[in-house]
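Colleague: There's a structure below that I have some questions on.
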Amino acid sequence: MDQPRRPALEGLLVADFSRVLAGPLATMVLADLGADVIKVERPEGDDTRAWGPPWANDGSSTYFQSVNRNKRSVVLDLRDAADLALARELVTRADVMVENFRPGALARLGLEEESLRAANPRLVWCSLTGFGSGERGAAMPGYDLLIQAVGGLMSVTGQPDSPPTKVGVALVDVIAGLFATVGILSALAERNRSGLGQRVDVSLMGALLAGLVNQASGYLGAGHVPGRMGNRHPSIAPYESFAAADGEIVVAVGNDRQFAALCRELGAAPLASDERFARMLSVISAKESANFCTPSASRVATTSS
């Protein structure tokens, strides 16, 4: 009889000193994969314990619940010598530590990375910050909304004639939390080879800039400054929402074959062969594409609006 499969991270101890969303999401993913996550909370508790409504039936915050399942929680006041000693003991036993204090704050409280790593060379230390741990960004706190504004996400979200708009969830925190998870797992893989822990640094700003993907590369590679387009796509069409007699519908067509199928369903099959709409992709020369294709390619297809 086959033995039940063990969780991938079973036996891994994670000391979670993070709060709010990005760090707790990363540690929750580790917990979901089988790690033993001990969430260290200050006496006031994680900020999100008070974030509501909505509230669950037991009166707890549904926001807090969204990123803190499968964890054990302990209250420690790091300003208290006895509690600080317990925190140090936890970190020296842990495989992974995750924290989102401002750079230098933990050291001032008595949790210096150097001394903790000396006591636990296998420790993977993951630090999440708003604007990085460098001199210019270290003192700046970062909330998702601020990063969406400063990083440009709000400038491409909303209708063309509307003010900049934030995304309806804390998307930057989610992206940063997932990047942190990837970094932690990569550091653990390296530890399997070297026996030594690694430091993982993730900033909300860096996560957002990476998350801008095609909008960022359009600016960096072509000098195109993106703007708000509502639900339209900057490169392909039809890929947006439309008003219909019984409400809004979304049409997402990503290639010529799908466009032909759409035309058939709409009873307008000839549109698919109309020279104005026959191809979503336009072929350009290798000279024109030299900045973004391999030297051996003589022709490359690129999307056009």
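The values are calculated or read from the model by the stated rules, or taken from the named source; none is laboratory data. Remember, it's a predicted structure, so these values are computed and weren't measured experimentally. Don't worry about glycine lacking a Cβ; one is built from the backbone with ideal geometry, like all the others, and counts go over all protein chains shown.
Colleague: Can you tell me how many residues within the range 74-113 are within 19 Å of Ala187 (Cα to Cα), of a type outside the set (Gly, Ala, Ser) and either surrounded by 14 or more Cβ atoms within 10 Å (Cβ to Cβ) or modelled with pLDDT under 95 (or both)?
Modeller: Start the filter on the range 74-113 by keeping residues that are within 19 Å of Ala187 (Cα to Cα), which leaves 91-100, 113.
Imposing the further condition that a residue be of a type outside the set (Gly, Ala, Ser) reduces the set to 91-93, 95-100, 113.
After this cut, where a residue has to be either surrounded by 14 or more Cβ atoms within 10 Å (Cβ to Cβ) or modelled with pLDDT under 95 (or both) as well, the list is 91-92, 95-100, 113.
The total comes to 9.
Colleague: Out of all the residues in the range 209-228, which are loosely packed, with under 15 Cβ neighbours inside 10 Å and touching a helix residue (DSSP H, G or I) at 6+ places or on another chain (Cβ under 8 Å)? Walk me through how you get there before you give the answer.
Modeller: At the first step, the residues of the range 209-228 found to be loosely packed, with under 15 Cβ neighbours inside 10 Å are 210, 213-214, 217, 219-225, 227.
Within the range 209-228, Ala210, His224, Val225, Gly227 qualify.
Colleague: Within the range 218-236, can you find the residues that are more than 15 Å from Leu153 (Cβ to Cβ) and free of Cβ contacts under 8 Å to residues at least 60 places away in the same chain?
Modeller: Passing the criteria: Leu220, Ala222, Gly223, His224, Asn231, Arg232, His233.
Colleague: Pairs under 7 Å by beta carbon, first residue in contact (Cβ under 8 Å) with a residue 24 or more places away in the chain in the range 245-273, partner surrounded by 12 or more Cβ atoms within 10 Å (Cβ to Cβ) and among the basic types (Lys, Arg), six or more apart or different chains?
Modeller: Short answer, once both residue conditions are applied: Asp256/Arg279.
Colleague: Any idea which of Ala189, Ala180 is in contact with a helix residue (DSSP H, G or I) (Cβ under 6 Å, 6 or more places away or on another chain) and under 19 Å from Asp95 (Cβ atoms)? Even if it seems obvious, please write down each step before you answer.
Modeller: On the way: Ala189 fails: in contact with a helix residue (DSSP H, G or I) (Cβ under 6 Å, 6 or more places away or on another chain).
Going through Ala189, Ala180 in turn, just one is in contact with a helix residue (DSSP H, G or I) (Cβ under 6 Å, 6 or more places away or on another chain) and under 19 Å from Asp95 (Cβ atoms): Ala180.
Colleague: Next question, about the same structure. Within the range 64-96, restricting attention to residues that are of a type in the set (Val, Ile, Thr) and touching a Ser or Thr at 6+ places or on another chain (Cβ under 9 Å), which residue is farthest from Asp32 (Cα to Cα)?
Modeller: Applying the filter and picking the extreme gives Val96.
Colleague: Related question: Suppose the filter is assigned to a helix (DSSP H, G or I) and modelled with pLDDT of 50 or more; does Ala272 pass it? Let's see the steps before the verdict.
Modeller: On the way: assigned to a helix (DSSP H, G or I): yes; modelled with pLDDT of 50 or more: yes.
Here the answer is yes, as Ala272 does meet what is asked.
Colleague: Any residue that is surrounded by 12 or more Cβ atoms within 10 Å (Cβ to Cβ), in contact (Cβ under 8 Å) with a residue 60 or more places away in the chain, assigned to a loop (DSSP other than H, G, I, E, B) and in contact with a Lys or Arg (Cβ under 7 Å, 6 or more places away or on another chain) - is there at least one of those in the range 122-135?
Modeller: Taking every residue of the range 122-135 in turn, at least one turns out to be surrounded by 12 or more Cβ atoms within 10 Å (Cβ to Cβ), in contact (Cβ under 8 Å) with a residue 60 or more places away in the chain, assigned to a loop (DSSP other than H, G, I, E, B) and in contact with a Lys or Arg (Cβ under 7 Å, 6 or more places away or on another chain).
Colleague: Please count how many residues of the range 16-47 are small (Gly, Ala, Ser) and either outside the structural domain of Arg122 (by TED's automatic domain parsing) or over 22 Å from Leu78 (Cβ atoms) (or both).
Modeller: Residues in the range 16-47 being small (Gly, Ala, Ser) and either outside the structural domain of Arg122 (by TED's automatic domain parsing) or over 22 Å from Leu78 (Cβ atoms) (or both): 3 in total.
Colleague: Could you tell me which of the residues Glu99, Glu113 is closer than 22 Å to Met140 by Cβ, touching a residue at least 60 places away in the same chain (Cβ under 8 Å), touching a Ser or Thr at 6+ places or on another chain (Cβ under 7 Å) and in the same structural domain as Val169 (by TED's automatic domain parsing)? Outline the logic, then answer.
Modeller: Values: Glu113 fails: touching a Ser or Thr at 6+ places or on another chain (Cβ under 7 Å).
Answer to the check: Glu99.
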